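Everything below concerns the one structure shown next.
Just so it is clear, none of the values below were taken in a lab; they were calculated from the coordinates. From a predicted model like this one, the values you see are computed outputs, not experimental measurements. Every residue, glycine among them, receives a Cβ derived from its backbone with ideal geometry; neighbour counts consider all protein chains shown.
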Amino acid sequence: MENMYINHIAVFVCAILSLVLGGLWYSPMLFYKGWMSSNKFTDEDLKKVNPVTTYTLTFIFALIMSYNMAFFLGDAKTDMTWGATAGFLAGFGWAALIFAVIALFEGRSWKYIFINGGFITLYFTLMGLILGAWR
């Protein structure tokens with residue numbers, strides 16, 4: 001543990017990345033329509049959501065995930081390549097696949113699984129890349 005290094009600014013940036021990437025991923029430019037249809041959401045459904053609560057909790061959860069990843073990548077030998085690899089392995093190999101298992105038991109569509117699992121995998125990969133590079 002004596003060689004552990006955590007860049008707290010990089011962790012904060014990774015938490016912000018969750019909001020930015022999510023905003024892009026689930027936007028009309030990318031997967032908005034597919035996400036809406038796979039969840040059977042309407043525009044009226046989205047108006048019922050409290051954005052302050054949603055974005056605040058999203059940021060807090062992303063900050064916790066970012067610190068968690070930073071601790072896993074805290075070894076002084078970690079670099080950008082290992083960070084991105086570890087992020088991908090955690091994102092796809094753990095988070096996206098357990099998400100997929102739950103979604104299968106909920107009877108969700110493959111479109112739903114791929115859209116959300118893709119976001120999870122990309123976010124964790126970028127988080128690892130940033131934490132590995134920004135030493």
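Considering region 32-75, the residues that are among the aromatic types (Phe, Trp, Tyr) and out of contact with any Phe, Trp or Tyr (no Cβ under 7 Å at 6 or more places or on another chain) include one that is surrounded by the most Cβ atoms within 10 Å (Cβ to Cβ), namely TYR67.
THR78 satisfies every condition listed in (1) surrounded by 12 or more Cβ atoms within 10 Å (Cβ to Cβ); (2) within 19 Å of the chain's Cα centre (by Cα) except (2).
Give me a count of the residues in region 14-61 that are without any contact (Cβ under 8 Å) to a residue 60 or more places away in the chain and outside any helix (DSSP H, G or I). Count: 10.
Here VAL52 does not fit the description of being out of contact with any Lys or Arg (no Cβ under 7 Å at 6 or more places or on another chain) and within 17 Å of GLY128 (Cβ to Cβ). Checked against the criterion of being assigned to a helix (DSSP H, G or I) and either touching a helix residue (DSSP H, G or I) at 6+ places or on another chain (Cβ under 6 Å) or in contact (Cβ under 8 Å) with a residue 12 or more places away in the chain (or both), the candidates ALA76, ALA100 yield just one match: ALA100.
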